[in-house]
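Notes to accompany the following structure.
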Amino acid sequence: MTTTQTQVERPARVPARDSARAGAPSLGRWLLTAAALAFLGLFLFVPLALVFAKALEKGLSAYAAAITEPDALSAIRLTLLVTLIAVPLNTVFGLAAGWCIAKFEFRGKSVLTTLIDLPLAVSPVVAGLVFVLLFGSGGALGPWLSAHEVNVIFAVPGIVLATTFVTFSYVARELIAFMQAQGREEEAAAVVLGAGGVQTFLRITLPRIKWGLLYGVTLANARAMGEFGAVSVVSGHIRGRTNTVPLHVEVLYNEYAFSAAFAVASLLVLVALVTLVAKKTVAWRARVEKR
Amino acid sequence: MATRAARRVLPGFRLSFGYAVVYMCLLVLLPLSTLVITTAGMSWPDFWSAVSSPRALASYELTFGASLVAAVVNALFGLLVAWVLVRYRFPFKGLVDALIDLPFALPTAVAGITLTTAYAPNGWLGAPLGRLGIKAAFTPLGITIALIFIGLPFVVRTVQPVLQDMHAEAEEAASVLGASRLQSFVRVVLPQLLPAVLTGFVLALARGIGEYGSVVFISGNMPMRTEITPLLIVTKLEQFDYQGATALAVVLLTASFGLLFGTNALQWWTRRRLATP
């Protein structure tokens, strides 16, 4: 350990202090580590273990039954559908925003960057509310929509819109940071040497940002699959039709079907754990490629 | 100038800028503008009575109070966790470090039912607390526990990189000059970490104010006692009181935008202070 080495290498002029110090820190160190781990245990590790313990408390067959009953399957299908629309939309936006913010100078750039972070500061409930105000029966576009028999609120389009809103910032934030760190010289060189815009993007930019892109998409994906507040406001909770996986968990929990609720919840925990692994992998790949 | 040359050389500015701005206007700014329009359609007395009803005031006290306590706990323990993760070695450190981000990745509803089950009177952690005479779930304490969970990563993740980049020389100099460990921590290390701790604290606070999913399960949702402002917004919406819901949303948004604006200013100030030694 580095600290012990510096203590050993220290000149022998102050031996008394050094030996006093060598004993004390190990106790302090042990106490601080124990306090930190106890805090994390109470708030992180115990709850995490509890999800799987409760999910499996009635056995594997009950677990399998809970995640394969029709309402659960329709919730899973809806969540996948919503995620498959919201995440690609925000990925295209993230690429466009990253490209113009990281590769060009223009007026209002800091305003644009701030606005991209805006949805992160909006309470999920408020994110749902604004779509109710816009498309709901008493909302701005409500009369027009009902005249044309289009349902947005309490239907799938509203869930897609709310999910896209809350996952809006993730890919763009990661890509802006990644692309700004890499500068624009390589792309400029490619263009000067005669490459087209698309070719430059696919051959030069994309390979260099792929880890940042992957991480941003994973984060957006986890949030899209797990969003509760915003979706809860716009969904209308119609069982088998507008219930996403988190809403289905809520329904089961409120019906006191605790093990079933935790079984379905454990699917979302697995998504979260995959996200954490992706983060570690990206950090590790980025370090490797820097060398 | 290199910038200007690059601007001329690289293609796609208009396309990417135009797409980004149009998409953002349609998906974010247009929906948010409905808050302004709805509020503008309210008379001042209506707005005032909606945001200052006793039930609303009780919900602010609870929401802001619990968020503040949770953010303070997270500032102290986040600093401790970041310190232990950067300076010490212990088994499974990599795993512990990775799990810090769990509250960011875990759906709030899952966090809600899990914490409620853990801290309920018969739960793994609620039962021992109950024997000490402490009731956690369905009280303001339970709400604070949920908000501690939700805000846990912020301070750790803002402090960690600063601590990693910090040079040990100043600390060593302090200890050679006879400072105790505590003295060198308080006088040398803490001032350098303070901006990061503050940033993490404000981010956790802003997140806590708007939080809904993890809190509704553990709070018990009793009006005037354990009803947070986001839940009151949902209640108003369910009663089709769109204006009342909007007025409360404006209060929440003003608070979280103000805090976020504050952090940006804080970061700008720190950068400037570090740039001019």
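The values are calculated or read from the model by the stated rules, or taken from the named source; none is laboratory data. None of these values were measured; they are calculated from a predicted model. Don't worry about glycine lacking a Cβ; one is built from the backbone with ideal geometry, like all the others, and counts go over all protein chains shown. Protein only, heavy atoms only, side chains kept; ligands, DNA and RNA dropped before computing areas. Shrake-Rupley method; radii C 1.70, N 1.55, O 1.52, S 1.80 Å.
Figures for the structure shown
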{"quantity": "FRET efficiency estimate (nearest 0.05) - Cβ-Cβ, residue B:179 to residue A:254, R0 56 angstrom", "calculated": "0.50"}
{"quantity": "Förster radius 51 Å - calculated FRET efficiency between residue A:289 and residue B:129, Cβ distance, rounded to 0.05", "calculated": "0.60"}
{"quantity": "From phi via Karplus (6.51, -1.76, 1.60), per-residue ³J(HN,Hα) for region A:84-90 in Hz, x at Gly/Pro", "calculated": "5, 8, 5, 5, x, 4, 6"}
{"quantity": "Gaussian network model of chain A, Cα within-10 Å springs - most flexible of A:206, A:42, A:175", "calculated": "A:42"}
{"quantity": "Calculated [θ] (222 nm, deg cm²/dmol) that DSSP helices of n ≥ 4 give over chain A, each run adding -39,500 (n - 2.57)", "calculated": "-24500 deg cm²/dmol"}
{"quantity": "Heavy-atom surface of region B:1-134, accessible at 1.4 Å and reported per residue (Å²)", "calculated": "49 Å²"}
{"quantity": "Neighbour cut-off at most 16 other Cβ (10 Å), DSSP loop, chymotrypsin sites (Phe, Trp or Tyr not before Pro), region A:201-290", "calculated": "A:256"}
{"quantity": "Cut-off 13 Å between beta-carbons: net charge of the residues surrounding residue B:107, Lys and Arg +1, Asp and Glu -1", "calculated": "-2"}
{"quantity": "Under 17 Å from the residue A:84 label point (7 Å along Cα→beta-carbon), backbone N, region A:161-202", "calculated": "A:161, A:164"}
{"quantity": "Backbone HN-Hα couplings from phi across region A:169-177 [Karplus 6.51/-1.76/1.60, Hz, Gly and Pro as x]", "calculated": "7, 4, 5, 4, 4, 4, 5, 4, 4"}
{"quantity": "Calculated from backbone phi, Karplus (6.51, -1.76, 1.60) coupling profile of region B:129-142 in Hz, x at Gly/Pro", "calculated": "5, x, 5, 7, x, 10, 9, 9, 5, 6, 9, x, 4, x"}
{"quantity": "Segments B:22-32, A:233-243 sorted - mean Cβ within 10 Å per residue, highest first", "calculated": "A:233-243, B:22-32"}
{"quantity": "Over chain B, relative contact order from alpha-carbon pairs under 8 Å, at least 6 apart, %", "calculated": "28 percent"}
{"quantity": "Listed residue pairs exceeding 23 Å between alpha carbons, taken from A:210/A:280; A:280/B:93; A:109/A:279; A:279/B:93; A:103/A:210", "calculated": "A:109/A:279"}
{"quantity": "Spacing of the two label points (7 Å from each Cα toward its C-beta) at residue B:265 and residue A:177, in nm", "calculated": "2.5 nm"}
